[in-house]
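Data first, discussion second: the structure below is written as structure tokens.
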Amino acid sequence: MAKIAFIGLGNMGGGMAANLAKAGYQVRAFDLSQPALDRAVERGAAAAKSAAAACKDAEAVVTMLPAGKHVAEVYRSTVLSAAPKTAILLDCSTIDVATAKAVETDAQAAGFTMVDAPVSGGIAAAEGGTLTFMVGGSDEGFARARPILENMGKAVIHAGGPGSGQAAKICNNMLLGATMAATCETFVLAQKLGLDPQVFFDIASKASGQSWSMTSYCPVPGVGPDTPADRGYEGGFAAALMLKDLQLAMAAAQEAGAYTPMGGEAEELYRRFVDLGGGTKDFSGIIKMIDDSWAPPAETKE
Ligand code: NAD
């Protein structure tokens, strides 16, 4: 089975590499963190001594790193010189569109096929192999990347040319951040106007105010489906990661000359929430900041 170099075995990369190993790939893993590397070995990967050693003879290289500067550094200093030119390169990290395009240009100039393939879905989806991949790159790159990504996700979608995966990811998350903030302030207003949150949920979920943030991820405990709101806003999608994605969206909007006032307001709200110590809370926990006098309904869900 094909050899895959996997660089970046953190919260997300750990589960993704394990799923590739489970699918029968020879995974050669590298991370700067020894505990992360040890966990990957326990889950079927072989430890490489360096990123360069992981890339040697690889048929594919997958990276899952924190931010654009790590991706640029790892590709420019190592992957592009250590991997065989025949290897397909897949960066699954969430990074800025400009860096994604620049690294892909360098990869192409060095003779590689590369795609950006950021994910939607958190740690549980990475563990369960149910991520959604948004892929930017050529038709050939997508065709080569898809069979690998399918072992880690439930959906693999070609978003367009280089950088398009990152563009789709941050546009989606800007919409998510703005709708969640709007959903939270609306529930606060509804309750102050005397509406029962469950009754308002039943109405808005079937009316024109409906959104995923309302219907599938309701920020009010005891209302709607089971969500992080029912667990004290623990788990789920960390507010600090939402802030990171909103900052990437705002940087992209500035570069593209797009007017995004709602995205800007969402970024400001999440920055305040993170500054107040909410960074590790689920992003729906922002309802507590929007009105800290707001009290959740007493009843709990079935
Ligand atoms: P993480 O911090 O848990 O993992 C990143 C790993 O990269 C760490 O283990 C770190 O040691 C390693 N690393 C950093 N620089 C390195 C280098 N030069 N060489 C080798 N290893 C290096 O982060 P994560 O939560 O796994 O997220 C990874 C990416 O996925 C981020 O871009 C994030 O925005 C994105 N993402 C995360 C989630 C989530 O819920 N955690 C969801 C969707 C997307």
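Against the definition (at pLDDT below 95 and closer than 24 Å to residue 251 by Cα), how does residue 121 come out, yes or no? Break it down stepwise before answering.
Numbers: at pLDDT below 95: yes; closer than 24 Å to residue 251 by Cα: yes.
Taking the combined requirement at face value, the residue satisfies it.
Mind checking which pairs have a first residue in segment 53-69 that is more than 21 Å from residue 15 (Cβ to Cβ) and hydrophobic (A, V, I, L, M, F, W, C) and a second that is near the ligand (Cβ under 9 Å from one of its atoms) and open to solvent by 30 Å² or more (accessible area, probe 1.4 Å), Cβ under 9 Å, 6 or more apart or different chains?
Filtered contacts from segment 53-69: 53/30; 55/30.
What residue, among those in segment 233-242 that are at pLDDT 95 or above and away from the ligand (no atom under 11 Å from the Cβ), is surrounded by the most Cβ atoms within 10 Å (Cβ to Cβ)?
Across segment 233-242, the extreme among qualifying residues is 239.
In the list 36, 5, 17, which residue meets the criterion of being within 14 Å of the ligand (Cβ to nearest atom), touching a helix residue (DSSP H, G or I) at 6+ places or on another chain (Cβ under 6 Å), in a helix (DSSP H, G or I) and not basic (Lys, Arg)? Working first, answer last.
Numbers: 36 fails: touching a helix residue (DSSP H, G or I) at 6+ places or on another chain (Cβ under 6 Å); 5 fails: in a helix (DSSP H, G or I).
Exactly one of 36, 5, 17 is within 14 Å of the ligand (Cβ to nearest atom), touching a helix residue (DSSP H, G or I) at 6+ places or on another chain (Cβ under 6 Å), in a helix (DSSP H, G or I) and not basic (Lys, Arg), namely 17.
Taking the residues in segment 113-128 that are part of a loop (DSSP other than H, G, I, E, B) and open to solvent by 10 Å² or more (accessible area, probe 1.4 Å) as candidates, determine which candidate is farthest from the ligand (Cβ to nearest atom). Lay out the reasoning, then the answer.
Quick first cut of segment 113-128, residues part of a loop (DSSP other than H, G, I, E, B) only: 117-118, 121-122.
Filter again for open to solvent by 10 Å² or more (accessible area, probe 1.4 Å), leaving 121-122.
Values: 121: 7, 122: 4 Å.
My answer is 121.
Go through (1) more than 9 Å from the ligand (Cβ to nearest atom); (2) buried (at least 16 other Cβ atoms within 10 Å of the Cβ) for residue 92 and report which single condition fails.
If we test residue 92 against (1) more than 9 Å from the ligand (Cβ to nearest atom); (2) buried (at least 16 other Cβ atoms within 10 Å of the Cβ), just (1) comes out false.
Residue under question is residue 203, and the condition is that it be over 19 Å from residue 123 (Cβ atoms), away from the ligand (no atom under 16 Å from the Cβ) and crowded, with 21+ Cβ neighbours inside 10 Å; does it hold?
Numbers: over 19 Å from residue 123 (Cβ atoms): yes; away from the ligand (no atom under 16 Å from the Cβ): yes; crowded, with 21+ Cβ neighbours inside 10 Å: no.
Against the criterion (over 19 Å from residue 123 (Cβ atoms), away from the ligand (no atom under 16 Å from the Cβ) and crowded, with 21+ Cβ neighbours inside 10 Å), residue 203 does not qualify.
Out of segment 55-67, which residues are open to solvent by less than 10 Å² (accessible area, probe 1.4 Å) and near the ligand (Cβ under 9 Å from one of its atoms)?
63
How do the helices (runs of 4 or more DSSP H) wholly within segment 130-215 filter down when requiring 1 or more residues that are under 15 Å from the mean Cα position of the chain (by Cα): which remain?
Numbers: elements: 139-149, 164-192, 197-204, 212-215.
Counting at least 1 such residues, we get 139-149, 164-192.
Every residue in segment 163-197 that is away from the ligand (no atom under 16 Å from the Cβ), buried (at least 24 other Cβ atoms within 10 Å of the Cβ) and closer than 30 Å to residue 98 by Cβ, please.
Residue satisfying the conditions is 181 alone.
The values are calculated or read from the model by the stated rules, or taken from the named source; none is laboratory data. Worth saying up front: this structure is predicted, and the values here are computed from it rather than measured. Don't worry about glycine lacking a Cβ; one is built from the backbone with ideal geometry, like all the others, and counts go over all protein chains shown. These area figures cover heavy atoms from the full protein model, side chains too; ligands, DNA and RNA do not enter into them. Shrake-Rupley method; radii C 1.70, N 1.55, O 1.52, S 1.80 Å.
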